[in-house]
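The values are calculated or read from the model by the stated rules, or taken from the named source; none is laboratory data. Please read all numbers here as calculations on a predicted model, not as lab measurements. For neighbour counting, all protein chains shown are included, and Cβ atoms are generated from backbone atoms with ideal geometry for every residue, glycine included. Just so you know, the surface numbers come from the protein's heavy atoms only, side chains and all, with ligands and any DNA or RNA stripped out. Shrake-Rupley method; radii C 1.70, N 1.55, O 1.52, S 1.80 Å.
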Amino acid sequence: NVVAKASLSCRLDLQLLTRQMRNATLAKNFCMAVVKLRSPPTTAMFFVSGKRVVTGARTVGESKVATRKVVKMVKKVGFPAVLEGWEVVNVVGAGSVGHLLDLPALDIEFDRIIRAGGEFEVHYSVELFPGLTCKVREVPRCSFVVFTSGKVNVMGAKSAEEVKERWEWFLPFL
């Protein structure tokens, strides 16, 4: 999952936007308009300030395509939208170690590593969340969520290469 942000360099009337655009809804709780695209399957969120976020893309390329599509849609409604400052904010990856994991034992092992000067912090409380969360302090910073099933999510990377690099770094700890 790739999340990217940019500015459209103009203020937006969200009610007009949602009336004129297909697949657009107004999320009043968050003061934003939400547009679902079918191809690529992504969601774009627009704010009054002209800022927008595209999420759900599988690749950076898909995110760029979705961004170009929504800018065209905004222009068709009549706003003088010009794309500025496009950047990837977050790339999320998912993987599996291929076997079940004992999270309580892993939590104890991570505590031992941290006391020995490890470069991450770990949170595990099965009553609150079924996964073990591990946040890496060193650059590039990212987080891992580890589940008993052996599934692992990598979050906070800026590219697919960074996800792969972090996965390879973290795998020996499991």
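Straight-line reach from Lys75: which aspartates and glutamates fall under 15 Å, measuring Cα to Cα and dropping same-chain residues less than 8 apart?
Of all the aspartates and glutamates, those that pass the test against Lys75 - Cα under 15 Å, at least 8 places apart if same chain - are Asp13, Glu84.
Please tell me which of these pairs span more than 18 angstrom C-alpha to C-alpha: Lys5/Lys158; Lys5/Lys135; Lys36/Lys151; Lys64/Lys158; Lys135/Lys158; Lys36/Lys69?
Result: Lys5/Lys135; Lys36/Lys151 exceed 18 Å.
With each pseudo-label sitting 7 Å past Cα toward Cβ, what's the Lys151-Trp169 distance in nm, one decimal?
Each label point lies 7 Å from its Cα, and together they span 2.5 nm.
So which residue, out of Ala66, Ala105, Ala33, gets the largest mean-square fluctuation from a GNM of the chain using Cα contacts under 10 Å as springs?
Answer for the Gaussian network model of the chain: Ala105.
Students sometimes get this wrong: rank Leu16, Leu37, Leu83 by accessible area, probe 1.4 Å, all chains present, largest first.
Accessible-area ranking of Leu16, Leu37, Leu83, largest first: Leu83, Leu16, Leu37.
Quick one: among Phe30, Phe46, Phe144, which has the greatest mean-square fluctuation in a GNM of the chain with alpha-carbon springs under 10 angstrom?
Ranking Phe30, Phe46, Phe144 by mean-square fluctuation puts Phe30 first.
Rounded to the nearest 0.05, what FRET efficiency is calculated for Ala160 and Gln20 with R0 set to 30 Å and r the Cβ-Cβ distance?
So the FRET efficiency works out to roughly 0.30.
What distance in nm separates the simple spin-label points at Leu83 and Lys36, each placed 7 Å from Cα in the Cβ direction?
2.4 nm
With a 10 Å cut-off between alpha carbons and a GNM built on the chain, which of Phe129, Phe147, Phe79 moves the most?
Phe129
What is the Cα radius of gyration of the stretch 97-173 over 2.2 N^0.38 Å, N being its residue count? Intermediate values should be presented prior to the final figure.
Numbers: Rg = 12.1 Å, N = 77, 2.2 N^0.38 = 11.5 Å.
For the stretch 97-173, the normalised Cα radius of gyration comes out at 1.05.
What does the charge add up to near Phe147, with Lys and Arg as +1, Asp and Glu as -1, over the other residues with Cβ less than 14 Å from its Cβ?
-1
Once the Cα gyration tensor of the chain is found, what semi-axes does its equivalent ellipsoid get, as square roots of 5 times the eigenvalues, in whole Å, sorted largest first?
Its equivalent ellipsoid spans semi-axes of 39, 16, 14 Å.
What net charge is computed for the residues neighbouring Phe30, neighbours being all others with C-beta under 14 Å from the C-beta of Phe30, Lys and Arg scored +1, Asp and Glu -1?
Value of the local net charge: +3.
Give me the percent of accessible area attributable to carbon and sulfur for the chain, probe 1.4 angstrom.
56 percent
Keeping all protein chains in place, calculate the accessible area per residue for the stretch 5-49 (probe 1.4 angstrom), answer in Å².
Dividing the accessible area of the stretch 5-49 by its residue count gives 59 Å².
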